[in-house]
Ligand code: F6R
């Protein structure tokens, strides 16, 4: 795992955006895996800026989102479909037919999940997957004890995740759906690169366990230790519980510029 500690969320997100932008320039038909939530918002803002000011071209890019709540219409203000169109897709030149999110309103969840997996394969697999991390260590909505071999499927959110996400639902936990469709950990591990972002002290324990703890299904993100190309962009607050904090800094600072964005 490559650990990149930046002073704050802004500089961390811009550094992560450079990696995404480099891939899209080198491979215009790249397949991106995307996340929702608070964490990637600044990354998406930077991608929009690069599109507007530097001509970063998304016209041939395909995207697959990690997850979607079950029972929310696409048009629901808190659906991840709405989130992605509001915060990224409507502001770049992506082709709507190249955008994919799990269907939270499907009447046949297993069949719909199988189709999603097939669509990822048919697109050539995910080149770069953007990930946040839950305070309980989830990636996508793969909560603790999720199988490392899991594929896209229905999951039940933990009470912790329901409480964490209530801030998007007027602070009302009763409004947060308890079920979702999420890519599995196996699906995420198949991405050629995984790019995780985490900011703030609320993520410090999960980040320390992910990077320096044992690989365990109780900390789903720890499986990234087995991924051949996983980068973790964190701010100093999220890095505050890392034992090797100084070492990660020293490694990154000593790299040539071309390697920092690769
Ligand atoms: C979102 C997702 C989740 C979030 C995680 C962190 O698509 O898959 O794993 O990345 O819950 O959420 P924030 O960024 O809101 O702290």
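Every number here is computed from the coordinates shown, using simple stated rules; none is lab data. In this text the structure is predicted, and so the values were computed from the model without any measurement. Ideal geometry is used to build each Cβ from the backbone, glycine not excepted, and the neighbour counts take in all protein chains shown.
Structural descriptor for the range 150-236: relative contact order 28 percent, calculated from alpha carbon pairs under 8 angstrom and at least 6 residues apart. Percent relative contact order of the range 2-255, based on C-alpha pairs within less than 8 angstrom and at least six residues apart? Value for the range 2-255: 24 percent. Which one, 167, 22, 153, has the greatest fluctuation when you compute a Gaussian network model over the chain with C-alpha springs under 10 angstrom? For the chain, modelled as a Gaussian network with Cα springs under 10 Å, the answer is 167. In terms of other Cβ atoms within 10 Å, 187, 156, 161, 145 run from fewest to most in the order 145, 156, 161, 187. Looking at the range 2-255 only, what percent of DSSP beta bridges run antiparallel? Nearest 5 please. Close to 30 percent. A Gaussian network model of the chain, with springs between Cα atoms under 10 Å, assigns the largest mean-square fluctuation among 38, 240, 112 to 38.
Take the Cα atoms of the chain, build their convex hull, and give its volume per residue in Å³.
Enclosed volume per residue, from the Cα hull, is 116 Å³.
From least to most packed, judged by other beta carbons within 10 angstrom and beginning with the fewest, 85, 258 follow the order 258, 85.
Of all the options 31, 232, 162, the one that moves most in a Gaussian network model of the chain with Cα springs shorter than 10 angstrom is 162.
Note on 64, 169: ascending count of other Cβ atoms within 10 Å places them as 169, 64, the fewest first.
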